[in-house]
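In what follows, a single structure is set out as C-alpha cells and then discussed.
The values are calculated or read from the model by the stated rules, or taken from the named source; none is laboratory data. Note that the coordinates shown come from a computational prediction; the quantities given were computed from them, not determined experimentally. When we count neighbours, we look across all protein chains shown, and the Cβ atoms used for this are built from the backbone with ideal geometry, even at glycine. To get the accessible areas, we keep the full protein, side chains included, count just its heavy atoms, and leave off ligands, DNA and RNA. Shrake-Rupley method; radii C 1.70, N 1.55, O 1.52, S 1.80 Å.
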Amino acid sequence: MRFPPLFIGFSTIFWGFCTGWEVFSIVAAVIFEAHNLIKTRFDLQKKDFVRISDLSSLVMFILLFYSYVENEPRMIFLGFITTLPIIFMPLLFAQLFSTSDKVVIGTKFGKRIHAHAPVDIRTLYILSVLFATAAANIKSVWFIALFMLIIFVVLSGSVKDPKSFKRYLKFCFIAVFITVFIGGTVVAGHFLISRKMMQWYNDWYESLSADPFRTSTSMGELGKMKLSGEIVFRVYSEEPSVPLYMKQSDYNVIVNNTWYSRPKKTDSIFPDSDMEWQFFGVGEGKNKMKISIWMNKNKGEGVLPLPDGAKRATELDVAGIERSILGAIYVEEGPELLEFTMTYDPEESFEPMPGRSDLFVPKEEQAVINEVMRTNGIFGDTPEETLENIERFFAGFNYTLDQKNRTAGGSYLADFLNNTRSGHCEYFATATVLMLRNAGIAARYRTGFMLDEYDSFENALLARKRDAHAWVAAYIGDRWIDVDTTPPQWKSADSDGKSFFEPVSDLMAWIKMKYENYRRKKSSEFNRILIAAASLLTIFLMVRVYMRKRRVKKPERNEIEPLFEAAGLDSPLYKMLDYYAENGLTREESETLRRWIEKNSEKLGRNIDFSALVRLHEELRFDTGGDKAALMAELVKVYEDWKKSKES
C-alpha cells in the first residue's frame, strides 16, 4: 500500500494531540518523515527484525506499567489502548530506515526464532492510530474531520476507475463507522462496567453496614484508637496553626452512652467541574491546605476530616460525595490514598442552626448533671459565664485511658463526675455538652482529630490514630464555637505509650505514601522519569541492532531486492527448460509448466516422466513443510539421468 509523503507524520501528531502525547508525537513524526530525506538505509535481516519485534514487546509491557501507575484502576485498560501506536513505533522505524519494504514480526526463545511472514507495518501502525484516537472519545468536529481524512487517504490506493471510486467512497464511510463504533463501544463498555461494578459494590456494602456515615459513636471507641500511633492523614499548609482541629462528625442525641446524629438524611453533592466540589458556602476560602488521607483499603470510602469553615475542595478524585444534615462529608468510591486541596475560612461557620435535639438532656442523666452544676456553682448569669465556670470545674480533673477504678453500678457519667473525676476526651466532651444544655445553651458532641505534631521531614502536620479526639460545639454569641474541656496533658499522656519502633514505622508509612502517589499519578516528575528511562532503554537497544548493520545507499524502487529469497530458484528443472528453449521448445510467459509439457509431450520423449518431475519441482518451490534437501536430491538425480541421456 502506498502512503503519500508526510502522511505517517501527520497521523502520528493527530494521535498525540487526541491522547495527550503532544510533544512525544511531534518528535516521533519528525523522525519518521526524515526517511524521505536521508538516503542511506540499514541492511537488516530476519534476525534483526525479530530482535526489534521483541523490543516492541518490551515497550508494550512498559506501557502497561505506565498505564497502571498513571491511572485509577477503572481507567488502566482505556489508558493502555490510547498508547497502542507506541508499541509499533520501533518496527515502523525499522521498516522506514531499512532496505526492505516489509518487516518480520516474531520472537526468539533460546536458540529458536518464531516468526510470521513479512508484513507492511505501516498499515498496522495507521490502524493502531485510528483505534487509539477513537478510544480517546474525542467528539469535536475537527476530530471527526481529520479522522475521516486519514481513512480516505489510507484507502485511496484502491481507486483506478469511476467504478472503483464508488466502491472506495462506500468502504471509506463503512471504515469510519466501524472504527468509531468500536472505539465508542470500548469507551461506553468501560464506563458501563464501572457503573455496574459500583452499583454492585453499593448494594453489597449496604447489606453489610447500616451506618456508612458514622451517624453513631459509642463511649470508648476513640479510646481504643488512642492505643495506636499509626498515621491516618497528613496536612500540608504554608502557615499551619497549632493545635489544629479537624472535624469529622457532629452528634446531637445521646442514648445509653451512645451518641447519634439525627436525622440521618443526607444530600448528594455534584462536582462543579473535573474533581472540584463545593462542600459549603460559595467560592473558595481565604486559607488553603492540602490533605493526604488513607481511606478504607478495600472500599475507598469514608468520612473526611475537615477544618472549620471548609468551603471548596479541588483535585478530589472520587466517584461521589454525600453530606449529612450536621455537616459531615462522606466520599464514595475513591482511591486508597486520597489527596486533595481544601480551601476554608476559619472565621465562617456553616453548621446548621440549633434545634430542639441540641438542648435535650436524658432523664437518667439530668438529675446528676443538675446536682453537680448546682453544688459547684456552675450556673452563670450569661452563657459566657456558664462556659467559663464549666471549664474551671474540669480543670481539677485528670486525664486517663484507664477506667479500672470505675465504681460498679450507676452510669458512666455519674461515676466520672462524682467519683473517679478522671477519664478521656469522650467523657469530658459528653459531660460538657449535657452541662451546657442543662443551662439552656445549645451544644453538640463533635469527633475528629486534634493535630499538634509537625514533622519537618515531610513539612506536614501528622494525624495519628491516638490524635483522635472528642470536643464540643457550643452555640454562644449567635455562632457555633469549639469548646475543649479535656485537660491539656492528654496529648503527652497518649504519647507516653508510643512504640520504640514508631520512627521506623513512620518511615515505612512515608515510603508507602510516596509509592502510592507515584502509582496514582500524584507525581508528574515520576512519570517523566519513567518515560525517559523507557525511551533511553529503547534507544539503547535500537542502537545495538543498527550499529552492527551495513549502511547502503537508498536503492531505486526497481532495484529493491526481496527481504527473503524464495525456495527452489536453483531447481535443475530450469536448466532443462533452458535446454529445450534453445532447441525451439519455448514456453509462453503466461503458460504453466503442466500445459507446456502436455503441448510438447511427443517432442520431450517418453524416457523421463516430466509430470512427476514437475510435481517434485512444485513441492520444492511452494510446499513450506516439505523436506527441501530430499526434494532437491531427487530432482538432481533425475536431472543427471536426463543429462546423460542427452549426451549419449
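This table checks each residue for (1) touching a Gly at 6+ places or on another chain (Cβ under 6 Å); (2) surrounded by 17 or more Cβ atoms within 10 Å (Cβ to Cβ); (3) modelled with pLDDT of 70 or more.
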site	(1), (2), (3)
Pro488	no, no, yes
Gly497	no, no, no
Pro503	no, no, yes
Leu507	no, no, yes
Lys514	no, no, yes
Arg520	no, yes, no
Ser524	no, no, no
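Here the condition is being modelled with pLDDT under 90 and farther than 30 Å from Glu239 by Cα; of Glu339, Glu371, Glu348, Glu333, it holds for Glu333 alone.
The residue that is modelled with the highest pLDDT, among those in region 14-45 that are surrounded by 17 or more Cβ atoms within 10 Å (Cβ to Cβ) and among the hydroxyl-bearing types (Ser, Thr, Tyr), is Ser25.
Within region 281-295, residues that are over 21 Å from Arg234 (Cβ atoms) reach partners that are open to solvent by 50 Å² or more (accessible area, probe 1.4 Å) and among the aromatic types (Phe, Trp, Tyr) with beta carbons closer than 8 Å, at six or more positions or on different chains, in the pairs Gly281/Phe350. The single residue among Leu451, Leu417, Leu436 that is in contact (Cβ under 8 Å) with a residue 12 or more places away in the chain, more than 29 Å from Pro263 (Cα to Cα), over 47 Å from the mean Cα position of the chain (by Cα) and crowded, with 23+ Cβ neighbours inside 10 Å turns out to be Leu417. Of everything in region 233-266 that is in contact (Cβ under 8 Å) with a residue 24 or more places away in the chain, open to solvent by 60 Å² or more (accessible area, probe 1.4 Å) and over 26 Å from Ala463 (Cα atoms), the residue that is farthest from the chain's Cα centre (by Cα) is Val255.
Between Leu613, Leu631, the distinction of being in contact with a helix residue (DSSP H, G or I) (Cβ under 8 Å, 6 or more places away or on another chain) and closer than 17 Å to Leu577 by Cα belongs to Leu613 only. Working only within region 326-359, note down all residues that are crowded, with 19+ Cβ neighbours inside 10 Å and in a strand (DSSP E or B). Within region 326-359, Ile329, Tyr330, Val331, Glu332, Leu337, Leu338, Glu339, Phe340, Met342, Thr343, Tyr344 qualify. In region 308-319, the residues that are touching a residue at least 24 places away in the same chain (Cβ under 8 Å) form Cβ pairs under 6 Å with partners that are of a type in the set (Asp, Glu) and surrounded by fewer than 21 Cβ atoms within 10 Å (Cβ to Cβ), at six or more places apart or across chains, as follows: Gly309/Asp345; Gly309/Glu348; Arg312/Glu284; Thr314/Glu276; Ala319/Glu332; Ala319/Glu333.
For region 470-478, the criterion of being assigned to a helix (DSSP H, G or I) and either under 23 Å from Val255 (Cβ atoms) or open to solvent by 40 Å² or more (accessible area, probe 1.4 Å) (or both) is satisfied by no residue at all.
Pick from region 269-324 the residues that are among the β-branched types (Val, Ile, Thr) and open to solvent by less than 20 Å² (accessible area, probe 1.4 Å): which of them is modelled with the lowest pLDDT?
Looking at the filtered set, the residue picked out is Val318.
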